[in-house]
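The values are calculated or read from the model by the stated rules, or taken from the named source; none is laboratory data. Just so we're clear, the structure is a prediction, and the values are computed from it rather than from any experiment. Ideal geometry is used to build each Cβ from the backbone, glycine not excepted, and the neighbour counts take in all protein chains shown. Side chains included, ligands, DNA and RNA excluded: accessible areas come from the protein's heavy atoms. Shrake-Rupley method; radii C 1.70, N 1.55, O 1.52, S 1.80 Å.
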Amino acid sequence: MTFNPLAIFHRDERHDGVRRINIYALRLLYTLMFFMLGNTVWTHILTHRGAWGADDAMAWAVWAAFATLAGLGIVHPLKMLPVVLLEIFYKALWLILVAYPLWSQGRLSGAPEEYQTMVFIGILFPIVAVPWGYVFKHYVYTRSAGSRATA
């Protein structure tokens, strides 16, 4: 058996024909979310003192669920793609609604939103990691079970 480093660009039938590089990138992404985000979020939740504000508790609960579900993505990268799609969507939306107006007015530099903008620019990695052909085939172009029976 010979080692072929270009094999990571081949489609893998064990993963519905998705390239191995995408599977590896997704697993790396899920691992980073699980450990880095999970550490921050769960540390904050477990060490929190006093009553929670409703909005603050909701935000931390969503982040905790997000980081925890990323753990499943390490083992099942394609099944957990909606977690990555959610990440791409909310970060892109935030960049459009919050960062872009501030940047276009020259008010982003030095603003409290500047740090979050720098973190959210990282959506480029998930965008590259996602096997978009698989996403469209399995989430966009699918027909419902009822329409398959009549077709």
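The table below gives the values:
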| read-out | value |
| --- | --- |
| Long-range neighbours under 6 Å by Cβ, at least six apart or interchain, first residue over 16 Å from LEU124 (Cα atoms) and modelled with pLDDT under 90 within region 17-30, second open to solvent by 10 Å² or more (accessible area, probe 1.4 Å) and in a loop (DSSP other than H, G, I, E, B) | VAL18/PRO131 |
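Per-residue answers, yes or no, for (1) at pLDDT 95 or above; (2) under 20 Å from the mean Cα position of the chain (by Cα); (3) more than 25 Å from ASP16 (Cα to Cα); (4) among the aromatic types (Phe, Trp, Tyr):
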| residue | (1), (2), (3), (4) |
| --- | --- |
| ALA64 | yes, yes, yes, no |
| LEU93 | yes, yes, yes, no |
| VAL119 | no, yes, yes, no |
| PRO131 | yes, yes, no, no |
